[in-house]
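Just below is one structure, and these are the notes that go with it.
Values quoted throughout were computed directly from the atomic coordinates according to the rules given, and no laboratory measurement underlies them. The structure presented is a predicted model; accordingly, all values stated were derived computationally and were not measured. Heads up, the Cβs are rebuilt from the backbone with ideal geometry, glycines too, and the neighbour counts pull from every protein chain shown.
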Amino acid sequence: VVLHNRKITSLAREGRIEDARQVFDKMPKRTLFLWSSMIGGYVRQGNYGEALSLYEVMEEKGVEPDRSLFVWVLKACSQHGGGLEKGKKVHDRIVSVGFESDVLVGNALIDMYGKRGDLKNARLVFDKMAQPDVVSWTSMIAACVQKGQTGEAFGLFRRMQAEGLKANSVTVTSMLPVCANLRDLKRGKEIHGYIIRGDFEDNVFVASSVLDMYAKCGHLKNARQVFDKMPHRDVVSWNAMVATYAQKGWHKEAQELFHQMQLDGIEPDVISWNAMIAGCAQNGQGDDALKLFCQMQQGGIRPNAISISSVLPACAHLAALQKGKEIHGYVFRSGNKDDVIVASALVAMYGKCGSLKDACRVFEKASERDTIAWNTMIGAYAMHGHGEKALQLFYEMELTGLKAN
RNA sequence: AGUCCCGUUAAGUCUGCGA
């Protein structure tokens, strides 16, 4: 038994979770420690479903969990589809065994609710905490950011500092994208100042988000300066810089960096390619966008929904119906036909390429329609001189409860 | 027989209509 215990823990840690499971299943008496090793092992390798079902079995057997097990289980809930309901049950269990006041467990709860989009419950846990720490505050901020509650995020950021807690590198990397998206240079600079004072500048995450904040606020020089000063750059740092130039239409600079990153030993990923494609497509270089779309596949990178919705406007711009149809074929083959954004991009492409019929077909078959999808279809009708049909669709849209913008 | 390590928050970058 002792040997088996050792074996399971070491296998689980090495990531050979299935081997560990085989031994585990044969054990007659399984201690909490063993359950934790197994569940933790599954979580670490991203098999959240298995982690959760193992946890349920454990509860059925009447094994009492401890705090760290709850942290593992909550992490699984935070990542797993449909984890919110399970997470709530786990929360009840935590309350029943009296662990809700534990900071680590509380933080994991906030994180879980935040990631699953349940801001109310995240807040409830947070407000009940006697001594929220930096992680608690940061998790709460991240939850607000994810829900688009930017004012609330700023409020929390200020309050945490007023209460004497210091924001760390994680806190600022959660806040900077908010400044970037709001183009709030003033607050972005304030946070940058704080970063310099706190000596977080060399953190890759921090530097990349500072870079992106300046770029989105239109200060390309500052962005480039931050990029050049980085002691370490990873694929995200390069992507942020490439995307900046690409989006501005500075193709030469973008291409240069795209090339240089490879010389630096960083292989472009799907995001790097997408940034390049979008840059060309949005700046009148439709041909190049299409070329890049082919090249990325030759390079072994599978285009995703974003790649497709980036390249389709290039077909629209070139009125390249045939190319557009080819990409439509790819949408099916790659399993992206249920993506709302891809569907709108297809509708727009067909509309602009003169095939209203195809545009309608895609729109009607779409599994989901948001305001932009409706707008696109209405625009296509209007463009083809069907004003009445456009108006009719507009009313239909309002009947679905969507608001015009 | 594990108590070192690992395990809670950020990971930052790309996308559709129109303006």
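What to note about this one:
- A:R158 free of Cβ contacts under 8 Å to residues at least 24 places away in the same chain and within 18 Å of A:L74 (Cβ to Cβ): no
- Taken over the stretch A:347-381, the criterion of being surrounded by fewer than 20 Cβ atoms within 10 Å (Cβ to Cβ), more than 8 Å from RNA strand B (Cβ to nearest atom) and among the small types (G, A, S) is satisfied by A:G354, A:S355, A:S367.
- Residue in the stretch A:67-79 that is away from RNA strand B (no atom under 14 Å from the Cβ) and either part of a helix (DSSP H, G or I) or among the charged types (D, E, K, R) (or both) present: no
- Boolean, A:V270 is surrounded by fewer than 18 Cβ atoms within 10 Å (Cβ to Cβ), within 11 Å of RNA strand B (Cβ to nearest atom), over 16 Å from A:Q255 (Cβ atoms) and among the β-branched types (V, I, T): yes
- Consider the stretch A:166-189 and keep the residues that are away from RNA strand B (no atom under 11 Å from the Cβ) and over 24 Å from A:P132 (Cα atoms). The one that is surrounded by the most Cβ atoms within 10 Å (Cβ to Cβ) is A:G188.
- Qualifying residues in the stretch A:54-66 (those that are part of a loop (DSSP other than H, G, I, E, B) and more than 10 Å from RNA strand B (Cβ to nearest atom)) - the one surrounded by the fewest Cβ atoms within 10 Å (Cβ to Cβ): A:G62
- Yes/no for A:D228 being touching a Pro at 6+ places or on another chain (Cβ under 9 Å), on the phi < 0 side of the Ramachandran plot and surrounded by fewer than 16 Cβ atoms within 10 Å (Cβ to Cβ): no
- The set of residues from the stretch A:385-405 being among the aromatic types (F, W, Y) and within 16 Å of RNA strand B (Cβ to nearest atom) comprises just one member, A:F394.
- Against the list (1) in a helix (DSSP H, G or I); (2) more than 21 Å from A:D358 (Cα to Cα), the condition A:P303 fails is (1).
- In the set A:S344, A:S334, only one residue is of a type outside the set (A, V, I, L, M, F, W, C) and more than 8 Å from RNA strand B (Cβ to nearest atom); that residue is A:S334.
- Pairs where the first residue, in the stretch A:263-282, is hydroxyl-bearing (S, T, Y) and the second is buried (at least 17 other Cβ atoms within 10 Å of the Cβ), C-beta under 8 Å, 6+ apart: A:S272/A:W238; A:S272/A:N239; A:S272/A:V242; A:S272/A:F258; A:S272/A:M261
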